[in-house]
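Colleague: Got a structure here, written out as structure tokens. Questions coming.
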Amino acid sequence: MNEPSFRIGADVGGTFTDVILMDGEGKIWTHKIPSTPPDFERAVLDAIGRLLRETGVTGESIGDVSHGTTVATNAVLERRGARTALITTRGFRDVLELRRVRAPQMYDLFFDKPEPIVERHLRLEVKERIAAAGDVLAPLDFADLEAVKDVLEREQVESIAVCTLHSYAYPRHEHAIGEFLQGAFPDLPVSLSTEILPERREYERTATTVLNAYVRPVMQRYLRAMRDGLTDQGIIAPVLIMQSAGGLTPEADAAIRPVYVLESGPAAGVFAARSAGEQLGIDDLITFDMGGTTAKASIVEDGEISYSPEYEVGASVSAGNRLVGGGGELIRAPSIDIAEVGSGGGSIAWLDGAGGLRVGPRSAGAVPGPACYGRGGNEPTVTDANVVLGYIRPGELADGEVSVDPEAARRIVHDRIAAPLGLDLLEAAEGIHRIANARCMRALRSVSTERGRDPRSFSLIAFGGSGPIHAAGLAGELLSPRVIVPPLPGLFSALGLLFSGVEHHEVYSCLLSGDGLSAEKLGGIQSDLKRKMLSRFRAEGYSAERVVFAQSVDVRFRGQASEIRIPMPESPASEATIESLRRAFEREHRQLYGHTSDPDNPVEVVAVRLIGSAGHRKTGGRMRADRRHVRKLPSRPAYFGKKRGTVETPVIDRTELTAPRPGPLLIDEYDSTIVVPPGIRVNRDRQDFVVLDRTGS
């Protein structure tokens, strides 16, 4: 594939849509626009059209469109997916209902499990069964399939999931069911667990396959509308979708396996943060991405992104952690280890029945948005509170699509929060801000202290439209020594899309231990996975020389229910590799859990994983901030708590930060504001990153 003359990165969030146009030299043009739910593609297409008109670039000049979207995630959160049926082995229809014995809070006696995505009358059984060793205990009954066909026709289902017992190893019955269904319903999407998640664990495989089927028609409609809109603008370039695991995949693959792209937007931000760390020579980062709807956190350690084999969508804290959970929809698919909470700029502040102040998880979103935007919002949000505190400038934001009205923010916070609680307006606004921070801390601790990592040895890199506003306070709670704010913080995830390449994942489910865990066996599995993956890349136009591999294995002690993913060198497996694998697993086990198992208890490898990537772009030197003029006054009053009160705070833009200086300071930018509280020093380095230093505070 030739390098394109122009490329587009488009990141769709719950509140704003960010689009970047980049030429071959790394020069960029940006546009930020409110998202347009439920037709999210409209904002993307409008922003692309505006950039093409402003720059005079033709659609034919675009080489590819890299895209991160929350469409599939929103379909799950809002239960707007397709009417889905599940076909499974007789006796296993209630796997989705039984779930795992896990709850978000161990002693919550009133916890109710989420309702299954598929209602029970649409969970259909067929007579068939293959044993774990491969013996056919019951042949597939085609009379049962005919009965299933009648039910599917009567219920007018829109998508079908198929998951039979032990099909990850012996898929012939599942394939036969899939062929029957495609013949009977050629227009319906059919998701087979052997194609979505060929791994052991019956509940996880069923849940992931069902979720894929549930969002598949939604994603297909979205991608079709996106393709039609791009074609109308003369863009025939491929659309590449960011996966949850941090690499791009062709739109055709995302349409078939949308469950792999549920966390595409957050993943792009983490990838961009890792690239920023490479530029700065910083290997250990905690990433903090706070947008309009949610706040996301992840960790980069020793320059490597942390991955999770599973995560949940829809829980109070969505994170890849098997120690807690059960509050959302489980997805076992490759993903960057991201913790997510419903705390963003649009999160609504409200009073519960006892008169307690709460923030989120409900959000004002893009429509109607915070009250201060003047777009019909009539509930106080975190953004309104930040306007009252003086952290967000009044007037136009971004490209003038939104204008901030401070009087509207003060009025809504006073009427809905301050007056009912008998508080001063600034105290009420600060309370909203601090509660939002407390919710964000749940995500930050989930990826740091709860993983056995000490945040005092990590820098906090903050981005998203709201991230730089809250970052200094959060770093103080974490005791993180510094905060890094990259150029274009509000568009940082979209920038990450442009530095990504195409990436594919393969997994082989196994059970290797004792004498069975040998270099010969492991090497054979790795070779088979590489052959399969290279064939896929060649079909997409990439030569074998351009593909870079990363290998890992899922390891546990015998008798354990969960495993730890351990990276492996790309060199051929040897007995030294096996011993190194054991030591690495024991170190990570000790760091996570504080102990190791009985030394005589053998380790087991339950899965071998391979990641192949091609076409990754370097940052091309420096990430440069957008130099568009921001209208601002030389100072504005900002409130920094009871101790310091309201301070007339200098306001500058990034270019004016030519030497280190102490806070308080407000750095207004095109897409965000960096809040520097009193007692913290701030500087801008040669690569245009703003660094808040807490070590002297």
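The values are calculated or read from the model by the stated rules, or taken from the named source; none is laboratory data. Note that this is a predicted model, so its numbers are computed, not measured. Here Cβ is always computed from backbone atoms with ideal geometry, including for glycine, and neighbour counts include all displayed protein chains. Accessible surface areas use protein heavy atoms only, side chains included; no ligands, DNA or RNA. Shrake-Rupley method; radii C 1.70, N 1.55, O 1.52, S 1.80 Å.
Colleague: When Lys and Arg each count +1 and Asp and Glu each count -1, what net charge do the other residues less than 14 Å away from Val676, Cβ to Cβ, add up to?
Modeller: Local net charge: +3.
Colleague: Could I ask something else about it? Given the Cα-Cα distance of Glu125 and Arg661 and 0.36 nm per residue of separation, how much length would full extension add, in nm?
Modeller: The span from Glu125 to Arg661 would gain 186.1 nm if fully extended.
Colleague: Would you work out the charge dipole size for the chain about its Cα centre, treating the Cβ of every Lys and Arg as +1 and the Cβ of every Asp and Glu as -1, and quote it to the nearest 20 debye?
Modeller: Once rounded to the nearest 20, the dipole reads 1380 debye.
Colleague: Semi-axes of the range 536-612's equivalent ellipsoid from the Cα gyration tensor, sqrt of 5 times each eigenvalue, largest first, rounded to whole Å?
Modeller: 30, 13, 10
Colleague: Express the accessible area of the range 401-482 per residue in Å², computed with a 1.4 Å probe while the remaining protein chains stay in the model.
Modeller: That works out to 38 Å² per residue.
Colleague: Also: P(r) tail for the range 356-420, what percent of Cα pairs lie past 21 Å?
Modeller: 15 percent
Colleague: Contact order normalised by length for the range 43-142, with contacts defined as Cα pairs under 8 Å and 6 or more residues apart; what percent is it?
Modeller: Answer for the range 43-142 is 24 percent.
Colleague: Further question on the same structure: If the limit is 32 Å between Cα atoms, which of Lys296/Lys632; Lys27/Lys632; Lys149/Lys296; Lys113/Lys149 go over it?
Modeller: From Lys296/Lys632; Lys27/Lys632; Lys149/Lys296; Lys113/Lys149, over 32 Å: Lys149/Lys296.
Colleague: Based on the alpha-carbon set only, what is the convex hull volume of the range 418-524 divided per residue, in Å³?
Modeller: Expressed per residue, the convex hull around the Cα atoms of the range 418-524 is 217 Å³.
Colleague: Determine, from the Cβ-Cβ distance of Asp187 and Asn683 and an R0 of 41 Å, the FRET efficiency 1/(1 + (r/R0)^6), rounded to the nearest 0.05.
Modeller: 0.10
Colleague: Another question about this same structure. Give me the accessible area per residue for the range 171-230, probe 1.4 Å, as a whole number in Å².
Modeller: Heavy-atom SASA per residue in the range 171-230 reads 33 Å².
Colleague: With the dipole of the chain worked out from charges on the C-beta (+1 for Lys and Arg, -1 for Asp and Glu) around the Cα centre, which of Gly13, Leu534, Thr673 lies farthest toward the positive end?
Modeller: Among Gly13, Leu534, Thr673, the one farthest towards the positive end of the dipole of the chain is Thr673.
Colleague: May I ask for the Rg/Rh ratio of the range 145-217, computed from Cα atoms with Rh as the Kirkwood radius, given to two decimals?
Modeller: We get a ratio of 0.95 for the range 145-217.
Colleague: Rg (Å, one decimal) plus Dmax (Å, integer) for the alpha carbons of the range 344-496?
Modeller: Using the Cα atoms of the range 344-496, the pair Rg, Dmax is 16.0, 45 Å.
Colleague: I would also like to ask the following. Could you give the length gained on full extension between Arg200 and Arg83, defined as 0.36 nm per residue of separation minus the Cα-Cα distance, in nm?
Modeller: The span from Arg200 to Arg83 would gain 39.5 nm if fully extended.
Colleague: What do you get for the angle between helix 172-184 and the principal long axis of the chain? Use alpha-carbon atoms, 0 to 90 degrees, nearest ten.
Modeller: Here the helix axis deviates by roughly 70 degrees.
Colleague: Here is a follow-up. So how far apart, in nm, are the two label points at Ser580 and Ala138 if each is 7 Å from Cα heading toward Cβ?
Modeller: Label at Ser580, label at Ala138, 4.8 nm between them.
Colleague: Please state the relative contact order of the chain as a whole percent: Cα pairs under 8 Å, 6+ residues apart?
Modeller: Computed value for the chain: 12 percent relative contact order.
Colleague: Now, a different point. Roughly how many debye, to the nearest 20, is the charge dipole of the range 224-291 about its Cα centre, given +1 on each Lys and Arg Cβ, -1 on each Asp and Glu Cβ, and no other charges?
Modeller: The dipole magnitude comes to about 220 debye.
Colleague: What does the helix-only formula give at 222 nm for the chain: each DSSP H stretch with n ≥ 4 adding -39500 (n - 2.57), the total divided by the residues, and the result rounded to the nearest 500 deg cm²/dmol?
Modeller: It lands at -9500 deg cm²/dmol.
Colleague: Mind listing the phi-derived Karplus ³J(HN,Hα) values for the range 637-648, rounded to whole Hz, using 6.51, -1.76 and 1.60 with θ = phi - 60°, and x for any glycine or proline?
Modeller: x, 9, 9, 10, x, 4, 5, 9, x, 8, 10, 6
Colleague: Leaving out ligands, DNA and RNA, and with a 1.4 Å probe, what % of the accessible surface on the range 158-209 is carbon or sulfur?
Modeller: 51 percent
Colleague: What is the pair-distance distribution P(r) of the range 1-104, computed from all Cα-Cα distances in 10 Å bins starting at 0, with each bin given as a whole percent?
Modeller: 12, 32, 22, 15, 12, 6, 0
Colleague: Using a Förster distance of 35 Å, how high is the FRET efficiency between Asp454 and Glu115, based on the Cβ-Cβ distance and rounded to 0.05?
Modeller: 0.30
Colleague: Report the dimensions of the range 48-108 along its three principal axes from the alpha-carbon atoms, largest first, rounded to Å.
Modeller: 61, 34, 19
Colleague: With r as the distance between the Cβ atoms of Arg221 and Arg358 and R0 = 41 Å, compute the FRET efficiency 1/(1 + (r/R0)^6) and round to 0.05.
Modeller: It comes to 0.70.
Colleague: Still on this structure, please answer the following. Quote to one decimal, in nm, the extra length available between Leu633 and Asp424 on full extension: 0.36 nm per residue of separation minus the C-alpha distance between them.
Modeller: Residue separation times 0.36 nm, minus the Cα-Cα distance, leaves 72.6 nm.
Colleague: How much area per residue is accessible in the range 240-374 when the probe is 1.4 Å and only protein heavy atoms are counted (Å²)?
Modeller: 26 Å²
Colleague: Highest mean first, what order results for 636-647, 427-438 on Cβ atoms within 10 Å?
Modeller: Answer by packing, highest mean first, reads 427-438, 636-647.
Colleague: How are the Cα pair distances of the range 197-282 distributed, in percent, across 5 Å bins from 0?
Modeller: All Cα pairs, binned at 5 Å, distribute as 3, 14, 17, 19, 17, 13, 9, 7, 3, 0 percent.
Colleague: Output the Kirkwood hydrodynamic radius of the chain, Cα pairs only, in Å rounded to one decimal.
Modeller: 26.3 Å
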